[in-house]
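This report concerns only the one structure given below.
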Amino acid sequence: MMVPARQRPKLLVMPAFHPGVQHCGADGYLIPHGGDDRVGVVQIRVGGGVDHDPLPCCAFYHAAAGGVLLSALAYHVKLIRDILALPVAVLKATPVASFIVLVLIWMPSRNLSILISFIMAFPIIYTNLLEGFEHLDRELFEMAKIFRMKFWNKMYYLYFGGLFAYFRSACAIAIGMCFKAGIAAEIIGIPKGSIGENLYNAKIYLETPDLFAWTFVIIAVSVLFEKIFQWLLSLLAHRLSVK
């Protein structure tokens with residue numbers, strides 16, 4: 001049984017080593033020469049093939065905002081740090097599959113990937129930024145206090161400049177984790193029209209080209225989003241003269 005054509009990925013990727021490929025069919029798929037149906041190509045149709053797929057980048061934005069806010073609070077208020085220590089440790093240690101199954105008990109699979117991606121990305125950003133707060137130069141803060149430096153100047157010169165490298169490295173790791181965890185959640189929860197559903201169907205119906213195609217889509221989107229976000233951070237750092 002074939003996966004419905006509307007759910008297949010739209011960009012065709014064909015390796016040059018396969019001699020059996022001759023032309024494209026009406027549905028956009030490559031037709032083998034001489035009736036050979038063992039086509040060694042990756043068929044990718046990106047865009048329009050997924051009816052609903054909440055991208056993990058939404059969860060990443062929430063995880064970044066939550067990590068920045070809570071790490072700042074945890075650094076200045078020891079009680080908050082003690083309260084968050086155990087939940088963050090549990091989030092880092094628990095397998096993603098366990099979270100997916102537990103979350104499915106209380107919420108529908110439609111928004112599962114967003115929550116799971118947030119759970120995987122938040123501890124990374126939080127712990128990295130908290131480590132960055134711990135390594136801030138305390139002597140500079142003493143000097144700022146003596147000279148009565150304004151609040152926004154301290155935020156810019158001391159906090160932003162000292163934490164930028166930690167935030168950037170945390171984001172580079174968290175973005176990849178968001179996409180991997182989000183797709184894993186979709187494969188288990190199988191929300192209709194998602195990339196995870198298409199991967200699951202490719203496994204069930206032994207559609208190896210579709211499996212490679214959707215895997216390529218996930219990698220491409222993840223790398224592209226990471227490059228764009230890192231470029232934006234680099235642009236921001238250049239504008240603000242931060243290393």
Going residue by residue through segment 191-199, is there one that turns out to be of a type in the set (A, V, I, L, M, F, W, C) and surrounded by fewer than 16 Cβ atoms within 10 Å (Cβ to Cβ)?
no
Residues of segment 91-107 that turn out to be in a loop (DSSP other than H, G, I, E, B) and touching a residue at least 40 places away in the same chain (Cβ under 8 Å), as a count
0
Going by the structure shown, is A185 touching a residue at least 40 places away in the same chain (Cβ under 8 Å) and touching a helix residue (DSSP H, G or I) at 6+ places or on another chain (Cβ under 6 Å)?
yes
Right, I228: β-branched (V, I, T), under 27 Å from K92 (Cα atoms) and touching a helix residue (DSSP H, G or I) at 6+ places or on another chain (Cβ under 9 Å) or not?
no
In segment 185-211, the residues that are polar (S, T, N, Q) and either within 19 Å of I119 (Cβ to Cβ) or under 18 Å from the mean Cα position of the chain (by Cα) (or both):
S194
The condition from (1) surrounded by 17 or more Cβ atoms within 10 Å (Cβ to Cβ); (2) not in a helix (DSSP H, G or I) that L206 misses is numbered (1)
Among (1) under 22 Å from Y159 (Cα atoms); (2) without any contact (Cβ under 8 Å) to a residue 40 or more places away in the chain - the single one A85 does not satisfy
(1)
Is it fair to say P87 is under 23 Å from G176 (Cβ atoms), surrounded by 11 or more Cβ atoms within 10 Å (Cβ to Cβ) and modelled with pLDDT of 85 or more?
yes
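The values are calculated or read from the model by the stated rules, or taken from the named source; none is laboratory data. Just so it is clear, the model here is predicted, and its values are computed rather than measured. Don't worry about glycine lacking a Cβ; one is built from the backbone with ideal geometry, like all the others, and counts go over all protein chains shown.
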